[in-house]
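This report refers to the structure that appears directly beneath it.
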Amino acid sequence: AQKITQTQPGMFVQEKEAVTLDCTYDTSDPSYGLFWYKQPSSGEMIFLIYQGSYDQQNATEGRYSLNFQKARKSANLVISASQLGDSAMYFCAMREGLGNQFYFGTGTSLTVIP
Amino acid sequence: DAGVTQSPTHLIKTRGQQVTLRCSPKSGHDTVSWYQQALGQGPQFIFQYYEEEERQRGNFPDRFSGHQFPNYSSELNVNALWLGDSALYLCASTPGGGSVRRNEQFFGPGTRLTVL
């Protein structure tokens with residue numbers, strides 16, 4: 001089974017609107033971390049936000065928030081007030097326990113429309 | 001504060017050749033991981049180096065090998081290249097031996113390898 005599933009290959013959002021990028025995960029380890037990365041066309045992966053499995057509150061970092069639903073094993077990224085510079089690929093990733101390996105999804109391509 | 005750097009930026013090789021990619025981790029980071037990202041896919045974990053040893057390996061053949069130097073920089077070597085090795089190779093570094101729970105990985109810009 002896939003560790004990380006991103007079912008939206010591509011998404012479009014109007015500038016200044018909010019958008020939600022979906023991510024579901026699969027693990028039997030009670031301790032895990034969930035990450036979102038942004039990858040512009042330049043290729044570099046940029047860290048956006050982190051959610052630990054034991055964190056009581058949903059993570060927020062500026063315009064990024066993570067809608068963490070543990071029972072559903074989902075960790076959706078919400079971007080508020082979209083900007084043109086948000087157009088990029090977005091990857092959800094998971095680390096199990098203190099393991100060394102990050103598992104990535106296949107990504108969602110976000111396009112912000114002026 | 002320099003981030004993760006990788007060289008070269010682009011590389012073109014032919015089938016059967018060997019290639020070496022290089023990575024310098026972010027200052028203060030001692031753990032380096034390598035990922036392969038095929039076109040249209042997410043990164044796939046190749047292996048991780050800590051204290052100059054391979055600590056964990058993903059599902060990649062022995063043609064993929066690596067090394068970590070005392071200054072924490074790392075090399076990825078790929079032997080007997082074939083067309084399917086064409087990809088963006090990303091290096092990521094983390095501090096503290098990767099033992100910090102939050103521990104986001106900081107990625108370099110990648111090396112784009114094309115095998116003809």
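Among the residues of region A:1-24, those identified as over 21 Å from residue B:42 (Cα atoms), surrounded by fewer than 18 Cβ atoms within 10 Å (Cβ to Cβ) and not polar (S, T, N, Q) are A:15, A:16, A:17, A:18.
Rundown of residues vs (1) closer than 29 Å to residue A:5 by Cα; (2) part of a loop (DSSP other than H, G, I, E, B); (3) basic (Lys, Arg), yes/no style:
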{"residue": "B:6", "(1), (2), (3)": "yes, no, no"}
{"residue": "B:32", "(1), (2), (3)": "yes, no, no"}
{"residue": "B:35", "(1), (2), (3)": "yes, no, no"}
{"residue": "B:62", "(1), (2), (3)": "yes, yes, no"}
{"residue": "B:72", "(1), (2), (3)": "no, yes, no"}
{"residue": "B:80", "(1), (2), (3)": "no, yes, no"}
{"residue": "B:104", "(1), (2), (3)": "yes, yes, no"}
{"residue": "B:109", "(1), (2), (3)": "yes, yes, no"}
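Considering only residues of region B:2-46 that are within 12 Å of residue B:90 (Cα to Cα) and among the aliphatic types (A, V, I, L, M), which is farthest from the other protein chains (Cβ to nearest Cβ)? Filtering region B:2-46 for residues that are within 12 Å of residue B:90 (Cα to Cα) and among the aliphatic types (A, V, I, L, M), the one farthest from the other protein chains (Cβ to nearest Cβ) comes out as B:21. Across region A:30-46, a minimum of one residue is classified as of a type outside the set (D, E, K, R), over 27 Å from residue B:26 (Cα atoms) and either within 11 Å of the chain's Cα centre (by Cα) or at pLDDT below 95 (or both). The residues of region B:47-68 that are within 11 Å of another protein chain (Cβ to nearest Cβ) and of a type in the set (Phe, Trp, Tyr), listed by number, are B:47, B:49, B:50. Applying the criterion of at least 3 residues that are at the interface with chain B (Cβ under 10 Å from one of its Cβ atoms) and of a type outside the set (A, V, I, L, M) to the strands (runs of 3 or more DSSP E) found wholly in region A:1-109 leaves A:32-39, A:46-52, A:88-96, A:102-104.
The values are calculated or read from the model by the stated rules, or taken from the named source; none is laboratory data. The structure displayed is predicted, hence computed values, not measured ones. Don't worry about glycine lacking a Cβ; one is built from the backbone with ideal geometry, like all the others, and counts go over all protein chains shown.
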